[in-house]
Amino acid sequence: MNLNYLECFASLSETLSFTETARNFSVSQPSISRQIKLLEEQLNTKLFIRDKHKVYLTEEGRSFKHRVTPLISELQSVMSNTQERTDEVKGSVHFGCLGEVGQNSLMQRILEFNSLNASINLQISYASPQDIIDNVKAGIFDFGLVNELVDQENIRTYDIIKERSVLITGGKNKEKLADINAAKFVCYSDDDSLLLSYIHKYHKKASFSKLQRHIIVNSHRSMIDAVEATNGYAVLPYFSVEKALKEKRIRIASDKELTSSLYLIHIDNNLMPKKNSLFKQFLIETCKKKEI
């Protein structure tokens with residue numbers, strides 16, 4: 001029987017709230033519902049009753065809670081003590097990261113972790129969101145940083161970074177953007193997700209498919225060069241454009257900003273090695289101190 005299911009049951013039996021239990025485990029509410037359903041199927045009995053407003057333990061659920069809760073606590077204690085005796089803070093951590101975030105913002109924090117934990121070897125791989133998710137699931141990456149919420153079995157997801165994105169144009173372009181359809185855009189890809197989100201949020205009547213995607217290049221640095229040279233427009237994370245803004249090569253073309261989340265993911269593992277725990281905790285704590 002999966003220990004995660006039992007821990008999920010123990011939490012839900014105390015909170016009697018799928019929302020609060022999901023928050024406690026940093027997963028989505030549907031993920032908690034699936035785990036409880038699978039546990040009930042394994043036991044061939046109904047443990048909870050849900051109505052529109054409340055969650056109740058069944059009689060079988062109350063009996064199961066009484067018997068299993070002490071066992072879970074003892075098992076967690078045994079695993080923790082065993083891990084503390086055998087787990088040395090050395091080895092390697094393989095981290096998959098979005099390239100632009102890693103190069104422009106996160107690498108300095110990773111180097112700070114390295115200076116504090118010199119016995120831990122680090123391997124950082126820049127990859128696409130889907131490749132990062134696939135490699136985390138396959139056990140190739142210990143951790144991944146992606147720009148989408150991952151709601152899958154056995155994947156833990158943490159919202160650790162709030163990313164600001166701004167609309168920029170060339171520093172010499174003094175014209176106010178009056179017509180979004182007349183603007184020439186520099187895009188990261190043909191379906192540039194930041195530009196798409198910006199248009200949907202602030203220019204609902206505009207058609208993304210009809211925008212003039214004048215230049216497409218999958219590099220933030222090259223996008224900035226293109227915006228500067230053509231006086232075009234682009235939507236980019238603030239961390240990528242901060243230096244160019246200070247140099248006045250570009251300027252912010254609108255006070256309207258996007259705020260989106262970046263998520264740390266890893267396989268749900270009750271026996272996470274201490275080196276991994278240290279890396280995870282450091283990244284979560286340092287990233288939450290500052291919006292990027």
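The values are calculated or read from the model by the stated rules, or taken from the named source; none is laboratory data. Quick caveat: nothing in here was measured; it's all calculated off a predicted structure. All Cβ positions, glycine included, derive from the backbone under ideal geometry; neighbour counts span all protein chains shown.
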Inset, instruction - Answer yes or no: is there a residue in the stretch 160-168 that is of a type in the set (A, V, I, L, M) and over 19 Å from Arg249 (Cα atoms). - result: yes
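Gln108 - would you say it is modelled with pLDDT under 95 and assigned to a loop (DSSP other than H, G, I, E, B)?
Against the criterion (modelled with pLDDT under 95 and assigned to a loop (DSSP other than H, G, I, E, B)), Gln108 does not qualify.
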Legend entry - the stretch 144-170: number of residues that are more than 26 Å from Arg221 (Cα to Cα) and either crowded, with 17+ Cβ neighbours inside 10 Å or polar (S, T, N, Q) (or both): 7
Inset, instruction - Would you please list the contacts, defined by Cβ atoms under 7 Å and residues six or more apart or on different chains, that run from a residue in the stretch 49-70 that is closer than 12 Å to Leu16 by Cβ and at pLDDT 90 or above to a residue that is surrounded by 11 or more Cβ atoms within 10 Å (Cβ to Cβ) and of a type in the set (S, T, N, Q)? - result: Ile49/Thr58; Val55/Ser17; Leu57/Ser13; Gly61/Ser13; Lys65/Ser13
Inset, instruction - Would you tally the residues in the stretch 112-125 being free of Cβ contacts under 8 Å to residues at least 40 places away in the same chain and in a helix (DSSP H, G or I)? - result: 2
Legend entry - Odd one out for Glu242, checked against (1) in contact with a Phe, Trp or Tyr (Cβ under 7 Å, 6 or more places away or on another chain); (2) farther than 19 Å from Ala183 by Cα: (1)
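Find the residue count for the stretch 126-160, including only residues that are assigned to a strand (DSSP E or B) and at pLDDT 95 or above. Step through it out loud before you land on a result.
Looking only at the stretch 126-160, we keep the residues that are assigned to a strand (DSSP E or B), and these are 126, 143-146, 155-160.
Filter once more, so that each one left must be at pLDDT 95 or above: 126, 143-146.
Total meeting the criteria: 5.
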Legend entry - Odd one out for Arg23, checked against (1) at pLDDT 90 or above; (2) under 29 Å from the mean Cα position of the chain (by Cα): (1)
Legend entry - Qualifying positions in the stretch 253-284 - within 23 Å of His200 (Cα to Cα) and either hydrophobic (A, V, I, L, M, F, W, C) or surrounded by fewer than 16 Cβ atoms within 10 Å (Cβ to Cβ) (or both): Ala253, Ser254, Asp255, Lys256, Glu257, Leu258, Thr259, Ser260, Ser261, Leu262
Legend entry - Among (1) modelled with pLDDT under 90; (2) buried (at least 17 other Cβ atoms within 10 Å of the Cβ); (3) among the β-branched types (Val, Ile, Thr) - the single one Val101 does not satisfy: (1)
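Tell me, please, whether a residue that is among the charged types (D, E, K, R), within 15 Å of His220 (Cα to Cα) and outside any strand (DSSP E or B) can be found in the stretch 171-180.
The answer is no; no qualifying residue exists.
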Inset, instruction - Working only within the stretch 26-46, note down all residues that are assigned to a helix (DSSP H, G or I), surrounded by fewer than 18 Cβ atoms within 10 Å (Cβ to Cβ) and not acidic (Asp, Glu). - result: Gln29, Pro30, Ser33, Arg34, Lys37, Leu38, Gln42, Leu43
